[in-house]
Amino acid sequence: MDECAAVILAAGASTRLGQPKQLILLEGESLLRRTTRLAIDSGCSPVLVVLGRDAASFLPEVGGLQAVVTINEEWQSGMASSLKTGIKAVLAACPQVQNMMVLVCDQPELDSPQLKHLLTTHRSGRALITASKYVETLGVPAIFSKKVFGELLDLAGDQGARRVLTRHRNKVATVDFPGGDFDLDTPEDLVRLH
């Protein structure tokens, strides 16, 4: 079975939310720690956490977990720089890796069975990408074959992986993710969470 690395994008400033979403507690656990733990529990290895703004204050959240933290010094330039930082760190740590799961830390409905379903679907098929599907949208968590790492590295600015997903739409397997569209971007989202 091909190993699958995981890259957790957690470098942003959470400006619309007004507080670091990485530290929001869900059932007593920060979203950053929870997402990292879920990636590890699903069997991904290595697991890379990309931090940026105030990285030092988030380090304790992943302490004691089998995860590697990498810092995106250019986090202000947008999500693409975090994706690039994560991919480069994965390839440095594990050059033979064939697949990479990309996650964000602000999807409170995410759980271990969802990630395991993504992995099983990706490994059992011939898809280039296996993506989560919610409200007619394809998004993260998603697993990318090494064949598209170069395209992910070519992204710029605030582009996430959606452009690559769209480009290869006919080679994407999907896994339904009920509640995947709920992420924490605004104070109203936080009210909804609690």
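Normalising by the residue count of region 4-193, find the relative contact order in percent from Cα pairs under 8 Å and 6+ residues apart.
Normalised by residue count, the contact order of region 4-193 is 26 percent.
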(request) Among 86, 63, 139, determine the one that fluctuates most according to a GNM of the chain built with springs between C-alpha atoms less than 10 Å apart. (result) 63
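Which value, in debye to the nearest 20, gives the size of the charge dipole of region 4-193 about its Cα centre, when Lys and Arg are +1 and Asp and Glu are -1 at the Cβ?
860
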(message) Skipping prolines and chain starts, which residues have an amide H placed within reach, meaning under 5 Å, of the one on residue 4, given they are 5 or more residues away or on another chain?
(response) 45
(request) Would you order 21, 146 from fewest to most other beta-carbon atoms within 10 Å of each residue's own beta-carbon? (result) 146, 21
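What's the extension gain from residue 13 to residue 41 if we count 0.36 nm per residue and subtract their Cα-Cα distance? Provide the component values of the computation, followed by the final result.
Details: separation 28, 0.36 × 28 = 10.08 nm, distance 2.68 nm.
Between residue 13 and residue 41, full extension yields 7.4 nm more.
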(message) Averaging the inverse of every distinct alpha carbon separation and then flipping it gives the Kirkwood radius. What is it for the chain, in angstrom units?
(response) 16.4
(request) Step through the residues of region 46-62 one at a time and calculate ³J(HN,Hα) from phi using the Karplus curve (6.51 cos²θ - 1.76 cosθ + 1.60, θ = phi - 60°), rounding each to whole Hz and writing x for Gly and Pro. (result) x, 10, 10, 10, 9, 10, x, 4, 6, 3, 4, 6, 9, 4, x, 5, 10
(message) For a quick check: with amide H placed at 1.01 Å from N, whose amide H comes under 5 Å from residue 104's, ignoring anything fewer than 5 positions away on the same chain?
(response) 9
(message) What FRET efficiency comes out for residue 151 versus residue 25 if R0 is 25 angstrom and r is the Cβ-Cβ distance? Round to the nearest 0.05.
(response) 0.10
(request) Arrange the following residues from fewest to most other Cβ atoms within 10 Å of their Cβ: 58, 177, 144, 182. (result) 182, 58, 177, 144
(request) Apply the Karplus parameterisation 6.51 cos²θ - 1.76 cosθ + 1.60, with θ equal to phi minus 60°, to every residue of region 87-99 and state each ³J(HN,Hα) to the nearest whole Hz, in sequence, with x for glycine and proline. (result) 4, 4, 5, 4, 5, 5, 7, 8, x, 7, 4, 10, 9
(request) List, in order, the whole-Hz ³J(HN,Hα) value for each residue of region 161-170 obtained from phi through the Karplus relation with A = 6.51, B = -1.76, C = 1.60 and θ = phi - 60°; use x for Gly and Pro. (result) 6, 4, 4, 5, 4, 5, 4, 10, 3, 7
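Read the figures in this text as sums done on the coordinates, not as results from a lab. Since the structure is predicted, the reported quantities are computational estimates derived from the model, not experimental observations. All Cβ positions, glycine included, derive from the backbone under ideal geometry; neighbour counts span all protein chains shown.
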